[in-house]
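Below is one structure, written out as structure tokens; the observations come after it.
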Amino acid sequence: MAVEEKILTKIAYYYYKQELTQSEIAQRLHMSRQRVNRLLKKSRELGIVDINIKGYEEYLINLESEIEKKFSLKRVMVAQPQEDEDIFHSLGRAGVELVMDLLEDNLTIGISWGRTIYNTVNYFPVLKGKYKNIKALQLVGSLNNLGDTRLTNDITKNFAEKIDAKAYYMFAPTFVSSKETKDTLMQEESLKKLFSLFNYCDIILGSVGLMANSTSSLKEQQQFLNPRDYSELKEKGAVGNICLNYFDKEGNKIDCDFNNRVMAIDIDSIKRSKNVVCITGGEDKHEAILAALKGKYIDTLVIDKDTADYIMTH
């Protein structure tokens, strides 16, 4: 099912099945009541609403609603892959439709890194001239040895160009050798301004990273975590991270030397954001995603069905 059709079906479900008012739906989905009214009309014109709501499985809409209630989230979307589509692409497509619903003038948007965010930004349409005064902030320093999908400056540049936003780049490596080196870099005016803007994010577009356990994921993670950092994080029970802020299975932030040497938005600034949109999924990330929800690092969530089932039953 197309993502646009899913939104129409979800609004119809809330209105006709759950008997929410248009104002309640607008508040839940963070859109205007007038837009809800237009989409309800469109759902009738397209035949989505007849005697029954059809198309998208009612079970999935109910699952999204239950996850929203369980974790006090603003919105949940369960992505449905197209035939032979991998999870990163299906999550990316769903993420685009959700983020487009949130865009308006005068926003400050933080952009993270990784394959899912890379695909989300790639699927984004060109919206030049539609919005005014949007800032796009690079939240994590440059990871030049991890391939194109991990280059945070390129992801930020691509996103900013598509929506005519002003890009603010982090001209620094993600990891430095010592706290003293980080302190010296933070005296640069461009970095001071960028890190100050982190406190005013309206939206953060991010994902959940895992703490590697398998041989393949460990090999990948060791490209940016040295053995000492990896061992310390494992010993302290790290299961995942958001923008390289690691946490344990209960969502508690891991306090370690690694934090003093990473150039990225910190967890306090993440929590100050008005809406942390997390686009993530996959069986290997189940524990990390659940932990991030427990830690209340996420406001809006785009996930796959298997992950949705997991977090509802654990």
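For K296, the aspartates and glutamates whose Cα comes closer than 16 Å to its Cα, not counting residues fewer than 8 places off in the same chain, are E68, D248, E250, D266, D268, E287. Two-decimal Rg/Rh of the stretch 256-314 from alpha-carbon positions, Kirkwood Rh? Here the Rg-to-Rh quotient is 1.02.
Listed by chain and number, the lysines whose C-alpha is less than 28 Å from the C-alpha of K166, apart from same-chain residues fewer than 8 away, are K74, K128, K130, K132, K135, K157, K182, K192, K193, K271, K274. Based on the reciprocal of the average 1/r between different C-alpha atoms, the Kirkwood radius for the stretch 167-314 equals 16.1 Å. Taking only the Cα atoms of the chain, how large is their convex hull per residue, in Å³? In the chain, the Cα convex hull volume per residue is 129 Å³. By the beta-carbon count within 10 Å of each Cβ, the least crowded to most crowded order of Y297, Y230, fewest first, is Y230, Y297.
For Q18, no residue has an amide H sitting under 5 Å from its own, ignoring neighbours fewer than 5 places away on the same chain, with H placed 1.01 Å from N.
Bear in mind that the values in this text are calculations on the coordinates, not laboratory data. The shown structure was predicted, so the numbers you read here are calculated from the model rather than taken from an experiment. No Cβ is skipped: glycine too gets one built from the backbone with ideal geometry, and neighbour counts run over all protein chains shown.
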